[in-house]
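Derivation of every value follows stated rules applied to the coordinates shown; laboratory data play no part. Since the structure is predicted, the reported quantities are computational estimates derived from the model, not experimental observations. Neighbour counts are summed over all protein chains in view; Cβ atoms, including those assigned to glycine, are modelled from backbone coordinates with ideal geometry.
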Amino acid sequence: MTDRDDFLIGCNKLKIANFNDKMEQVDKYVKLLKKWNKHFNLIGPKTVSEIYKRHMLDSVQLVPYINDDSKIIDFGTGAGLPSVILSIFLNSEVHAVERNGKKYQFLSTVKRELELGDSFIIHNDDINNLSDELDNTFDVITSRAFADVAKIVDFGDRFLKADGRYVLLKGENAEKEIISENIKIKMTTKIKESITLLDGKILIMSRST
């Protein structure tokens, strides 16, 4: 069984609709990621052999928690994880925020080669410098290996709609990050188990009413 097979099995387990139809784009993305990673540090070199499971499947497991017509912003997207995968699998407007110039170049190439179109918008800037026009416009904020929960909520507060939510990929410290009094007061949190990392979690957070 190949690493790619693990991804397909995972998509089936997650009940991702029509995932086979998306595989041409996923495979092209993986090819570009491997090619660029030889020259730029996009993903850890030790994870390249498990790129479908470690990165593609890790990202696509957010899809069941996001409505298909959502407006999404991904903080510190890096190589496009999860923003590119969400753009492939959802009929949504996805904003990818990445201030690193080389990673921005990579994302621009991915957007062109995968024909993601106007629904995939790249911001080569710091989150704090994004236009005020984006305030209160997003249904979902995502991130993966970007910052701790308190910082993400602090960064994201102005962008999120009143009824919006955070859908975050977190590691073994996830539960420790949400026990602060500030997070408890501000947010209602559901914790889901990751299907790719033993200690990984998916945090689904909405403002407390």
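Structure data summary
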{"quantity": "Global geometry of the range 1-111, whether rounded, prolate or oblate, following the gyration tensor of its Cα atoms and the 1.5 cut on a/c", "calculated": "oblate"}
{"quantity": "Full-extension gain in nm, Ile195 to Asp163, via 0.36 nm per residue minus C-alpha separation", "calculated": "8.8 nm"}
{"quantity": "Residues Met1, Met187, Met205, sorted so that the one with the fewest Cβ neighbours within 10 Å comes first", "calculated": "Met1, Met187, Met205"}
{"quantity": "Relative contact order of the chain, defined on C-alpha pairs under 8 angstrom at six or more residues apart (%)", "calculated": "17 percent"}
{"quantity": "Fewest-first sequence of His95, His123 by Cβ atoms within 10 Å of each Cβ", "calculated": "His123, His95"}
{"quantity": "Nearest-ten-degree value, helix 101-113 long axis tilted from longest Cα axis of the chain", "calculated": "60 degrees"}
{"quantity": "Candidate lysines - alpha carbon under 21 Å from Lys190, same-chain residues fewer than 8 apart omitted", "calculated": "Lys13, Lys15, Lys71, Lys151, Lys161, Lys170, Lys176, Lys201"}
{"quantity": "Size of electric dipole in the range 58-207: Cβ of Lys, Arg +1 and of Asp, Glu -1, about Cα centre, debye, nearest 20", "calculated": "300 debye"}
{"quantity": "Neighbour-count ranking [beta-carbon atoms within 10 angstrom, fewest first] of Lys111, Lys46", "calculated": "Lys46, Lys111"}
{"quantity": "Globularity index of the range 58-207, i.e. its alpha-carbon radius of gyration over 2.2 N^0.38 Å", "calculated": "0.98"}
